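Beneath this line is the structure, given in structure tokens, with notes to follow.
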Amino acid sequence: DGGNTWESQLRNPDESYWGIHFADDNEGWVVGWRSIYHTNNKGATWEKQINPDPAHSGDLMDVYFINNEVGWIVGTYKTIFKTIDGGETWVKQMSQTGGGWNWLTEVVFTDELHGCAVGSYYNPSRGAILVTNDGGNTWTETIISSPYSSGFLTVCFKDSIHGWVSGYGVNGVGATLHRTSDGGITWQAQGAYAGCIDDIEFFNENEGLFLKDGSKIRRTFDGGLTWDEQIYTGSSSYFKKLTIFDNNKCIAAGDNGILTKSIDGAANWEEISSKMRYNI
């Protein structure tokens with residue numbers, strides 16, 4: 001019903017779920033602590049799928065399926081897995097070698113060939129953007145290293161050409177926002193903002209939102225070149241993620257299961273109760 005009421009579907013006190021994606025109304029996947037769950041009935045029941053790599057000791061951070069068969073998972077230690085059979089089997093496309101601690105936090109694809117993953121590399125701190133145009137067989141890596149970039153948390157592409165990445169700056173100062181207009185070949189900084197940009201979503205090529213410091217939302221009408229005054233969600237809770245649906249509706253979710261919803265393109269927000277006590 002558009003997020004007004006919620007029911008519990010999958011609960012395990014020994015798990016943490018980091019990423020979720022539905023390919024259509026019925027079929028979806030959840031990933032977390034080295035675990036993958038799959039549903040084909042809107043989440044009424046969930047089946048635990050095979051671990052892509054039992055030797056991989058890191059977390060699976062995000063999942064994205066372009067259809068019911070083809071999907072990708074990214075995680076810590078710079079790991080990328082791909083499936084072409086709905087998660088029955090997985091192929092490792094990339095993983096970290098050597099020292100250091102690198103991780104990928106989010107992945108998105110616009111079709112079976114074009115995708116982008118983002119994350120953070122440490123020692124020294126850098127933001128990482130990986131782009132593919134062959135379904136993940138090869139990835140082109142862009143490292144953003146500046147006083148205002150130590151990592152990326154989220155990526156948004158509206159088509160195979162126009163995309164945005166965002167994250168946080170060094171020691172929490174100078175959140176980063178970068179845009180590409182050539183499918184990720186080049187990236188342009190679109191300003192640094194105090195604090196952290198937790199999530200970014202676009203309605204179309206020009207109109208979008210970003211969620212900053214957990215409770216502030218700003219809008220753009222020119223593809224991110226400029227942003228209007230911040231819109232407060234009206235809650236003291238810390239929001240972590242945004243989602244856009246039905247063209248102009250939005251929901252933000254975060255700590256203690258709190259949710260806030262807009263039905264007018266983020267101009268106005270109303271808190272809705274999820275009756276959940278867990279951080280989303």
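The values are calculated or read from the model by the stated rules, or taken from the named source; none is laboratory data. Everything numeric here is computed off the predicted structure, so don't read it as measured data. Note that each Cβ is placed from the backbone with ideal geometry, even for glycine, and that neighbours are counted across all protein chains shown. Keep in mind that these areas ignore ligands, DNA and RNA; they rest on the heavy atoms of the full protein, side chains included. Shrake-Rupley method; radii C 1.70, N 1.55, O 1.52, S 1.80 Å.
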Under a 1.4 Å probe, what is the accessible area of the chain per residue, stated in Å²? 47
Search the structure for amide H atoms under 5 Å from the amide H of Lys240, placed 1.01 Å from N in the peptide plane, and list their residues when 5 or more places away or on another chain. Ala253, Gly254, Asp255
Using unit Cβ charges (K, R positive; D, E negative) and no other charged atoms, how large, in debye to the nearest 20, is the dipole of the chain about its Cα centre? 840
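On the protein heavy atoms, probe 1.4 angstrom, tell me the percent of accessible surface of the chain carried by carbon and sulfur.
Carbon and sulfur: 49 percent of the exposed surface of the chain.
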Mind checking which lysines have their C-alpha under 21 Å from Lys48, skipping anything on the same chain fewer than 8 residues away? Lys82, Lys92
Report the FRET efficiency, 1/(1 + (r/R0)^6), for Ile185 and Asn137, where r is their Cβ-Cβ distance and R0 is 22 Å, rounded to 0.05. 0.80
Three semi-axes of the equivalent ellipsoid, the chain, Cα gyration tensor, whole Å, largest first: 26, 25, 18
Over the chain, with a Gaussian network built from C-alpha contacts below 10 Å, which listed residue (Asp59, Asp228, Asp198) shows the highest mean-square fluctuation? Asp228
Please identify, among Val91, Val165, Val31, the residue showing maximal mean-square fluctuation in a Gaussian network model of the chain using a 10 angstrom Cα cutoff. Val91
